[in-house]
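The structure appears right after this line, and notes come after that.
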Amino acid sequence: MYLTEEEQKMLNGERGPSVQKAMQIQVQLGEIYGAERMIPVKSAHMPGSSVVVAGEGALKFIEKMGENCEEFAAYTTLNTAAVDLDRPEEIGFKDGDVQRQKRLTCAYEKMGGIACHTCTPYLIGHVPMKGEHVAWGESSAIAFANSVLGARTNREGGPSALAAAITGRVPAYGYHLDENRKGQYIIDVQARLSDVSDFGSLGYWVGQKVGSGVPVFTGIGHEVNTDQLKMLGAALASSGAVALFHIVGVTPEAPTLEAAMGGNEPKERWTFGEAEKADACAKLNKHQGQPVSLVALGCPHSSLNEIITIAKLLEGRLVKATFWVLTSQPVKHFAYRSGYGQIIEAAGAKLVVDTCSVLGEMSAPMEKIGMTAMATNSAKLAHYAPGQWNIPTYYGTTEQCVNAAVEGVFNND
Ligand code: F3S
């Protein structure tokens, strides 16, 4: 594998032991995947940012790397944490978990990591350009960066994202290369898609079919918005392992179907109509009649626009179930500045920041709630919650979920 003079110095230990260790990781990865060279990266998004994911061993490793590393070479944001660092006690997190999370956050911050603790860094200013090489972790953020922004990232795990942040390099393989960004499957969308959950259902259905392939969608018009696209990517990466999708006429590498396919013949072609939409929704929404104790919206973390929608649906009402709107600190700030945060909290719901129902240390908060069933508009959360928490999960539109929070039961109609 070709290394520049500077990369060779990193590998030789001339830039210190942490940089050397990080470069060793990148070279080993490059050799496994047959990379011929390294590519400089300007930014990283760190998936191992929750102590639930990182664990004690990884926490010690990251602290050790931080002791010998002056500063990340790439601009680095931190993914979702294990607790809400704003008001952990109110949500029900244990002090021990808060302290462990603070240790991990602090270790990353020492190296220059930005402790935004969100899976939607692109909603708060971390927005790589089309064609820019980056090293991002967190499956939903990866799909958004590759597909909607046209940036180039592989599915980075904790160690490789950390190594990329420290060295500012990634091995040149996978989605960094033109040949791996071409479409492989075509999906003609004929179903009516409006609520964000419709896009989740589409992603869930397609992800099961294509696995880690590159799907190309036709039939989705320009009126599609950022919130719908983040739900689509999150669902594709949950039932499947999709890191890149194209939408003809919408996403940057798909001005036409021919451009999106890049000369590839489709391996398969499907139609996604009303029957397929109903089928995907039914797979995620299998329960009836259990009282709903938790409604969780904001997987991936909510935008301000989604919070406004929720606030309008909640205005003047009171919730019976615990209702979490998951988001990032900056979006919460603007939700309060614009008055929508107050509307949500007046209804008895909460804007929960930094964490989420999957990557959070949720045992204590869920015990506090007294979990019976959960409702969500996120296909990703509906996919993971039943296995993780062993609870019935309802899946539907944002409006159905808000109504479930107010009434304490989920209405399937
Ligand atoms: Fe984000 Fe957690 Fe969902 S990291 S995408 S809110 S599972």
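Some points to look at:
- Remark: T77 falls outside the filter, which requires a residue to be buried (at least 18 other Cβ atoms within 10 Å of the Cβ), modelled with pLDDT of 95 or more, over 19 Å from A164 (Cβ atoms) and not hydrophobic (A, V, I, L, M, F, W, C).
- Extreme residue, nearest to A379 (Cα to Cα), among residues of the stretch 203-237 that are in contact with a Lys or Arg (Cβ under 8 Å, 6 or more places away or on another chain) and open to solvent by 10 Å² or more (accessible area, probe 1.4 Å): Y204
- Within the stretch 369-398, tally of residues that are touching a helix residue (DSSP H, G or I) at 6+ places or on another chain (Cβ under 6 Å) and open to solvent by 30 Å² or more (accessible area, probe 1.4 Å): 2
- For the stretch 321-351, a residue qualifies if it is small (G, A, S), assigned to a helix (DSSP H, G or I) and open to solvent by less than 40 Å² (accessible area, probe 1.4 Å), and the qualifying residues are A335, G341.
- Some residue of the stretch 106-122 being under 26 Å from E258 (Cβ atoms), of a type outside the set (G, A, S) and outside any helix (DSSP H, G or I): no
- Boolean, F272 is more than 20 Å from L78 (Cβ to Cβ) and within 16 Å of the ligand (Cβ to nearest atom): no
- Restricting the first member to the stretch 136-152 and to residues that are charged (D, E, K, R), and the second to residues that are within 15 Å of the ligand (Cβ to nearest atom), the beta-carbon pairs closer than 8 Å and six or more apart or on different chains are E138/H45; E138/P47; E138/N79; E138/T80; E138/C119.
- For the stretch 153-181, the set of residues classified as under 19 Å from the mean Cα position of the chain (by Cα) and under 22 Å from S238 (Cβ atoms) consists of T153, N154, R155, E156, G157, G158, S160, A161, Y175, listed by residue number.
- Selection within the stretch 186-220 - under 25 Å from L297 (Cβ atoms) and part of a loop (DSSP other than H, G, I, E, B): A191, R192, L193, S194, D195, I220
- None of L59, L29, L11, L78 is touching a helix residue (DSSP H, G or I) at 6+ places or on another chain (Cβ under 7 Å), closer than 18 Å to E156 by Cβ and without any contact (Cβ under 8 Å) to a residue 60 or more places away in the chain except L78.
- Considering the stretch 127-136, the residues that are assigned to a loop (DSSP other than H, G, I, E, B) and more than 19 Å from M231 (Cβ to Cβ) include one that is farthest from the ligand (Cβ to nearest atom), namely G131.
- Condition met for V295 (β-branched (V, I, T), modelled with pLDDT of 95 or more and in a strand (DSSP E or B)): yes
- Filtered residue count, the stretch 348-365, keeping only those that are of a type outside the set (G, A, S) and within 17 Å of V402 (Cα to Cα): 3
- Residue in the stretch 47-66 that is surrounded by fewer than 24 Cβ atoms within 10 Å (Cβ to Cβ), hydroxyl-bearing (S, T, Y) and farther than 26 Å from I247 by Cα present: no
The values are calculated or read from the model by the stated rules, or taken from the named source; none is laboratory data. All figures in this text were calculated on a predicted structure; none of them were measured in a lab. Ideal geometry is used to build each Cβ from the backbone, glycine not excepted, and the neighbour counts take in all protein chains shown. Note: areas computed on protein heavy atoms with side chains; ligands, DNA, RNA excluded. Shrake-Rupley method; radii C 1.70, N 1.55, O 1.52, S 1.80 Å.
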